[in-house]
Amino acid sequence: MTPFKEGWFLEEDRANRLTRFLKKFNLIVKDLELLNLAFVHPSYAHEQGLPGDNQRLEFLGDAVLDLIVADHLYHRFPQLPEGFLTKMRAALVSKESLAKIAKSINLGELLLLGQGEEVSGGRERPSLLADALEALIGSLYLQGGMEAAKRFALPLLEPEVDALQGEGWLWEKDSKSVLQELVQQEGAENVVYRILAEWGPDHAKRYRAGVFYRDRLLATGEGSSKKEAEQEAARAALRLFKRQKA
């Protein structure tokens, strides 16, 4: 049940715009007013004296989206440890990522904003766009369950997952931590880093590090500091691991 009376708030033009949006994504809903509520910013509700806005739907959609993304990553990347799946999920459901998706489907055009938000560029504001996308997912969940929310969200999220993977994100973010998590899946022992060589003048030192597991050299890396060389060694070991799993 929505806080709006049928035919009072949802005018014909607005209903037609929402219907066109639904058709674009092959969505079916029973309650256009509940869908519309996903786009009602608190500033608009306050100015119009409306009894509700999209904040509660955003709260719900946030939780639904977390589950959708977690389930998808769990099945798509069976080789990745929990810690890294958590980092991927955080990147995908971040305000920046959600705002990017919202812009790609022109969600800003459907926002109902107060005058202040309108003149200050609220339709392009990442936080408002991300909130509206989460509220929309919450609305779809209430009307069609998890499957309805998933059918809408996953096709939009999948390119972002591909982008993370294609850019090497899986192996470039804090490679030492990622390698440690992967290795500890096999047992309690951890990898060990050793500086194998250093050269150059004091103001331009270079280092070569090796990463070892059970005294076996996995890979080496070079850098202008010991820490950078160790990260490069871990990165090289992860690339080797990736090839072995392919």
Can you classify region 62-205 as rounded, prolate or oblate using the Cα gyration tensor, where a ≥ b ≥ c are the square roots of its eigenvalues, rounded means a/c under 1.5, and otherwise it's prolate if a/b beats b/c and oblate if not?
oblate
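If each DSSP helix of 4+ residues adds -39,500 (n - 2.57) and the sum is divided by the residues in the chain, what number results at 222 nm, nearest 500 deg cm²/dmol?
On the way: 11 runs with 149 residues, N = 246.
Roughly -19500 deg cm²/dmol at 222 nm, from the helical runs in the chain.
With respect to the cross-link table entries 30/100; 24/150; 24/100; 100/150; 95/226; 95/150, which display a Cα-Cα separation exceeding 24 Å? List each step's numbers first, then the result.
On the way: 30/100 28 Å; 24/150 16 Å; 24/100 18 Å; 100/150 18 Å; 95/226 35 Å; 95/150 19 Å.
With Cα atoms farther than 24 Å apart: 30/100; 95/226.
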Mind running the shape call on region 69-152? Use the C-alpha gyration tensor, a ≥ b ≥ c as the square roots of the eigenvalues: rounded below 1.5 for a/c, prolate if a/b tops b/c, oblate otherwise.
oblate
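Leaving out ligands and nucleic acids, and using a 1.4 Å probe, what accessible area per residue does region 176-246 come to in Å²? Before the final figure, lay out the partial values.
Working: 4370 Å² over 71 residues.
Spelled out: the 1.4 Å probe surface of region 176-246, per residue, equals 62 Å².
Show me 130-138, 222-230 ranked by packing, highest mean number of other Cβ atoms within 10 Å first. Mind showing how you got there, number by number?
On the way: 130-138: 26.4, 222-230: 16.3.
The most tightly packed comes first, giving 130-138, 222-230.
Calculated FRET efficiency, residue 15 and residue 162, Cβ-Cβ r, R0 25 Å, to nearest 0.05?
Values: r = 35 Å, r/R0 = 1.41.
Calculated value: 0.10.
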Residue list for region 181-222, given a label point 7 angstrom along the Cα-to-Cβ vector of residue 239 and an amide N cut-off under 14 Å
219-222
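Just check region 37-107 against the gyration tensor rule for me: Cα atoms, a ≥ b ≥ c as the square roots of the eigenvalues, rounded for a/c under 1.5, and otherwise prolate or oblate depending on whether a/b exceeds b/c.
On the way: a/c = 3.58, a/b = 2.52, b/c = 1.42.
Judged from the Cα gyration tensor, region 37-107 comes out prolate (a/c at least 1.5, a/b above b/c).
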Can you give the FRET efficiency to the nearest 0.05 for residue 226 and residue 82, using r as the Cβ-Cβ distance and R₀ = 25 Å?
0.30
Most mobile listed residue (54, 16, 106) in the chain, GNM with C-alpha springs under 10 Å:
16
Any aspartates and glutamates with Cα under 12 Å of the residue 227 Cα? List them, leaving off those in the same chain fewer than 8 positions away.
174
Taking θ = phi - 60°, what integer Hz values does the Karplus form 6.51 cos²θ - 1.76 cosθ + 1.60 yield along region 148-164, in sequence order, with x for Gly and Pro?
5, 5, 5, 4, 7, 6, 4, x, 7, 7, 4, x, 5, 5, 4, 5, 4
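From the Cα trace of the chain, what convex hull volume per residue do you get, rounded to a whole Å³? Please report the intermediate quantities before stating the final value.
On the way: hull volume 38.4 nm³, N = 246.
Normalising the Cα hull of the chain by residue number yields 156 Å³.
The values are calculated or read from the model by the stated rules, or taken from the named source; none is laboratory data. All values reported here derive from a predicted model rather than from experimental measurement. We place every Cβ from the backbone using ideal geometry, glycine too, and count neighbours over all the protein chains shown. Protein only, heavy atoms only, side chains kept; ligands, DNA and RNA dropped before computing areas. Shrake-Rupley method; radii C 1.70, N 1.55, O 1.52, S 1.80 Å.
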